[in-house]
Amino acid sequence: MTEFTFSRRALAAAALGTAMLAVAGTASAANLVVSNWEGYMAPDIVDTFKAATGVQAEVVVHATNEEIMGKLIASGGKGYDIVFVSSPFAEVLHNLGLAETIDHAKVPNLANLYPEAAALPHDPGNTFSVPYTWGTTGLCYRSDLVKEAPTSWKALLEPADAVKGKTTMLATDRWLLAAGQLALGYSVNETDATKMGQVKDLLISAKRTLLAYDDTTFYSKLVSGEAVLVQAWDGWCNYGIAENPDIKYIIPSEGSDLWLDTMVVMKASENKDAAFQFINFMLDAKNHAWAAENILYKVPNKPAMESLPAEMMQQYPNMAMPVADLVKYEQLRDVGEAQRDYSRIVSEIKAAQ
Amino acid sequence: MAVRLVPSRSTVLMAPALAWLTALMVVPCVLVLALAFFRRGIYGGVDYTFTLENFAAVVDPLYAGIFLNSARIAGLATLIAVVVGYAAAYAIAAAPRHRQPLYLFLAVLPFWSNYLIRTYAWIVLLNREGLLTQLLRWVGYTGELPSLLYTEGAVIAGLVYNYLPFVVLACYAPLARLNPELREASRDLGGSAFTTFRRITLPLTLPGVAAGAVFVFVLSIGNFVTPALLGGGRFQMIGNLVYDQFLAANDWPFGAALAMALIAIMMLLLMLQAFAATRAEGRQSPDRGEAAHG
């Protein structure tokens, strides 16, 4: 009998423990809670924002889009005021009704954006997302270790013998697939089964020539010489260029995707005015230039880009890419149900011997 | 009073562990199991309509193939770990008694550092511009070297390295307990060293081998860090597939079904091992008699 009572109490304690964990998991409501990738904005942003506006913000970090999306979908968007996510995920938040409409009157610095950045296909007129950084995905290589400069995605997917075993590709589903889609002349949002079958076959044969799939250290593999040619986001290639000027970046002749990271205000936010203030603060030319100078990504902010030193544009030529050229490329879009097919194709590629 | 104190004290002592297990093990497992019966929403998340399609997908040739491949890699790692670990345990058990604690301590010393850091150490060691290559260059080798890293061999080496101490510990216990007189009797009756090992030592220490082997296999087949880091993402193991469903594809229901299948395999193996151990325990005394009589 004693045993029984105790184990029931133990269960109650356990349930209480779980509840407490659940409470601890949601951020406190008093602050403006901003979730961003680690190191994606100035480390003193909380202090400078408070000095400028008097609003206390709290920054939490997520490692990937998928991680923060999982949390937002599970909580119905509660617990966060502003999230930084890539544009296809901003679209999903909008489609799920979790994204607040951007009140342009409260974000006057939207005027700093290039007109092109306010007319992107995923969200023309910036109704639910505000562009933060943008760029391309291409080839990053050691000009001193490859015989000739690559010009096509085929240089990576059907490599010459000399570079076999010295290439890496991105492991994230959409960019891995994009390399194959672009090489075959398809849209980066192609979902036709026959065409995606061809993409899969090409990427499986490419896999056999790869050193590794790598999303995070490919540029250091170039620096060490372990790899000589890698699929890379332009900004990450810049980290390699910073350490070794023989590293170069090119956009293959078949093109690139136009990737875009955005700021989204959550509909469940209880501090929407403060959230718009924060976005306005980030769009300030000086604050936005911080991202370009420190993350080496292009930012869609005209005065911010114009304020960058000329040496920087010389050292990292992709930073100087004209906006008109950049927006020629197609954005990755949310593909809805087809995402499951994409996941399956990626599993098939990764499981292939 | 004193009589009642005993059971309540034991329940009080049990309560924290029970609460811990319930909150952090039983409840999450039940939640994951429940998740496996729903559909993925169009945009990720969970659509709460009942379905069995996730379990059907687990036995799809593609995913079943990944299970089999994981089992093959885990099996190879287990085989190597058992051979190497048993030999090491044998040597430790044969060493002078006062030195044995030191050797055992050295065997488990790697556990004092973080698993990830130890795995990164292998990257530093094996990569094409790594320590091994530099060593070869230093002794005068100038040719092109293949990458040792990002191969299946590297994945297996990483698994063996990380789980070897479990085998050493599991095999050491029965080896150290083994009555030396049994072996002496076998030698006295003309059994060769090999026969003595095959007929006496090995059968009596088999439960330890089985325990160590099941440990390595179960930990290896669910591992996702080692294949990701040492395999460069080129070798998909079941752990990576589960990880991808949760953290890349946002298909939690399918990830949950895969995780449940993996847990079922692990539990089955652990139960078989426990069953075999109990049977071996029961047979222990008559076996000893038979062995002694040769």
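Can you tell me which residue is nearest to the chain's Cα centre (by Cα) among those in the range A:312-338 that are free of Cβ contacts under 8 Å to residues at least 12 places away in the same chain and within 14 Å of another protein chain (Cβ to nearest Cβ)?
Looking at residues that are free of Cβ contacts under 8 Å to residues at least 12 places away in the same chain and within 14 Å of another protein chain (Cβ to nearest Cβ), I get A:GLY336.
Just one of (1) over 28 Å from A:ASP246 (Cβ atoms); (2) not assigned by TED's automatic domain parsing to the domain that holds A:VAL188 trips up A:ILE295, so point out which.
The single condition A:ILE295 does not satisfy is (1).
Restricting to the range A:158-174, and then to whatever is buried (at least 20 other Cβ atoms within 10 Å of the Cβ) and among the hydrophobic types (A, V, I, L, M, F, W, C), can you tell me which residue is farthest from A:CYS237 (Cα to Cα)?
Restricting to residues being buried (at least 20 other Cβ atoms within 10 Å of the Cβ) and among the hydrophobic types (A, V, I, L, M, F, W, C), the top hit is A:VAL163.
State whether one or more residues within the range A:227-248 are of a type outside the set (S, T, N, Q), part of a loop (DSSP other than H, G, I, E, B) and within 27 Å of A:GLU348 (Cβ to Cβ).
We begin by selecting, within the range A:227-248, every residue of a type outside the set (S, T, N, Q); these are A:227-230, A:232-237, A:239-243, A:245-248.
Next, only the ones that are part of a loop (DSSP other than H, G, I, E, B) stay: A:227-228, A:245-246.
Of the ones still in play, those that are also within 27 Å of A:GLU348 (Cβ to Cβ) are A:227.
Yes, because at least one residue in the range A:227-248 is of a type outside the set (S, T, N, Q), part of a loop (DSSP other than H, G, I, E, B) and within 27 Å of A:GLU348 (Cβ to Cβ).
Could you give me the residue pairs with C-beta distances under 8 Å whose first residue belongs to the range B:239-254 and is within 17 Å of B:GLY65 (Cα to Cα) and more than 7 Å from chain A (Cβ to nearest Cβ), whose second residue is of a type in the set (S, T, N, Q) and not in a helix (DSSP H, G or I) wherever it lies, and which are 6+ apart or on separate chains?
Short answer, once both residue conditions are applied: B:GLY239/B:ASN223.
Exactly one condition in (1) touching a helix residue (DSSP H, G or I) at 6+ places or on another chain (Cβ under 7 Å); (2) at positive phi is not met by A:THR191; state its number.
(2) is the only condition that A:THR191 fails.
Just one of the numbered conditions (1) hydroxyl-bearing (Ser, Thr, Tyr); (2) surrounded by 20 or more Cβ atoms within 10 Å (Cβ to Cβ); (3) modelled with pLDDT under 95 is not true of A:TYR219; which one?
(3)
Do you know which residues across the range A:61-85 are of a type in the set (A, V, I, L, M), touching a strand residue (DSSP E or B) at 6+ places or on another chain (Cβ under 7 Å) and farther than 24 Å from A:ASP103 by Cα?
Scanning the range A:61-85 gives a single hit, A:VAL61.
What's the number of the condition A:HIS94 fails, among (1) in contact with a helix residue (DSSP H, G or I) (Cβ under 9 Å, 6 or more places away or on another chain); (2) modelled with pLDDT of 95 or more?
For A:HIS94, the failing item is (1).
Which of the residues that make up the range A:50-80 are more than 10 Å from chain B (Cβ to nearest Cβ) and acidic (Asp, Glu)?
Within the range A:50-80, just A:GLU58 meets the criteria.
For the range B:138-145, indicate whether the set of residues that are among the aromatic types (Phe, Trp, Tyr), assigned to a helix (DSSP H, G or I), out of contact with any Cys (no Cβ under 7 Å at 6 or more places or on another chain) and closer than 22 Å to B:GLY212 by Cβ is non-empty.
Restricting attention to the range B:138-145, the residues satisfying the condition of being among the aromatic types (Phe, Trp, Tyr) are B:138, B:141.
Then drop every residue that is not assigned to a helix (DSSP H, G or I), which leaves B:138.
Narrowing further to those that are out of contact with any Cys (no Cβ under 7 Å at 6 or more places or on another chain): B:138.
Those still in the list that are closer than 22 Å to B:GLY212 by Cβ too: none.
The answer is no; no qualifying residue exists.
Kindly indicate whether A:GLN277 is within 25 Å of A:LYS71 (Cα to Cα) and part of a helix (DSSP H, G or I). Spell out how you get there, then give the answer.
Details: within 25 Å of A:LYS71 (Cα to Cα): yes; part of a helix (DSSP H, G or I): yes.
Yes; evaluated as a whole, the condition is true for this residue.
Does A:ALA160 meet the test of being assigned by TED's automatic domain parsing to the domain that holds A:GLU226, small (Gly, Ala, Ser) and touching a Leu at 6+ places or on another chain (Cβ under 9 Å)?
Working: assigned by TED's automatic domain parsing to the domain that holds A:GLU226: yes; small (Gly, Ala, Ser): yes; touching a Leu at 6+ places or on another chain (Cβ under 9 Å): no.
No; evaluated as a whole, the condition is false for this residue.
Does at least one position in the range B:21-34 carry a residue that is surrounded by fewer than 17 Cβ atoms within 10 Å (Cβ to Cβ), within 13 Å of chain A (Cβ to nearest Cβ) and outside any helix (DSSP H, G or I)?
For the range B:21-34, residues surrounded by fewer than 17 Cβ atoms within 10 Å (Cβ to Cβ), within 13 Å of chain A (Cβ to nearest Cβ) and outside any helix (DSSP H, G or I): absent.
Restricting attention to the range A:339-353, which residues are without any contact (Cβ under 8 Å) to a residue 60 or more places away in the chain and of a type in the set (D, E, K, R)?
Passing the criteria: A:ARG340, A:ARG344.
Please name all residue pairs, on different chains or six or more residues apart, with Cβ atoms under 7 Å, provided the first residue is in the range A:214-226 and is more than 9 Å from chain B (Cβ to nearest Cβ) and the second residue is hydroxyl-bearing (Ser, Thr, Tyr).
Short answer, once both residue conditions are applied: A:PHE218/A:THR168; A:TYR219/A:TYR239.
More than 14 Å from chain B (Cβ to nearest Cβ), outside any loop (DSSP other than H, G, I, E, B), modelled with pLDDT of 95 or more and over 27 Å from A:ALA119 (Cα atoms): does that describe A:MET305? Before the answer, list the steps.
Working: more than 14 Å from chain B (Cβ to nearest Cβ): yes; outside any loop (DSSP other than H, G, I, E, B): yes; modelled with pLDDT of 95 or more: yes; over 27 Å from A:ALA119 (Cα atoms): no.
The answer is no for A:MET305.
In the list A:ALA118, A:ALA99, A:ALA111, A:ALA105, which residue meets the criterion of being surrounded by 21 or more Cβ atoms within 10 Å (Cβ to Cβ) and either touching a residue at least 24 places away in the same chain (Cβ under 8 Å) or small (Gly, Ala, Ser) (or both)?
Details: A:ALA118 fails: surrounded by 21 or more Cβ atoms within 10 Å (Cβ to Cβ); A:ALA111 fails: surrounded by 21 or more Cβ atoms within 10 Å (Cβ to Cβ); A:ALA105 fails: surrounded by 21 or more Cβ atoms within 10 Å (Cβ to Cβ).
The unique qualifying residue is A:ALA99.
Could you list all residues from the range A:182-199 that are surrounded by fewer than 19 Cβ atoms within 10 Å (Cβ to Cβ) and in a helix (DSSP H, G or I)?
Result: A:ALA193, A:THR194, A:LYS195, A:GLY197, A:GLN198.
Scan the range A:312-353 for residues that are surrounded by fewer than 14 Cβ atoms within 10 Å (Cβ to Cβ), modelled with pLDDT under 95 and not in a helix (DSSP H, G or I) and jot them down.
A:GLY336, A:GLU337, A:GLN353
The values are calculated or read from the model by the stated rules, or taken from the named source; none is laboratory data. Since the structure is predicted, the reported quantities are computational estimates derived from the model, not experimental observations. Cβ: placed from backbone, ideal geometry, glycine included. Neighbour counts: every protein chain shown.
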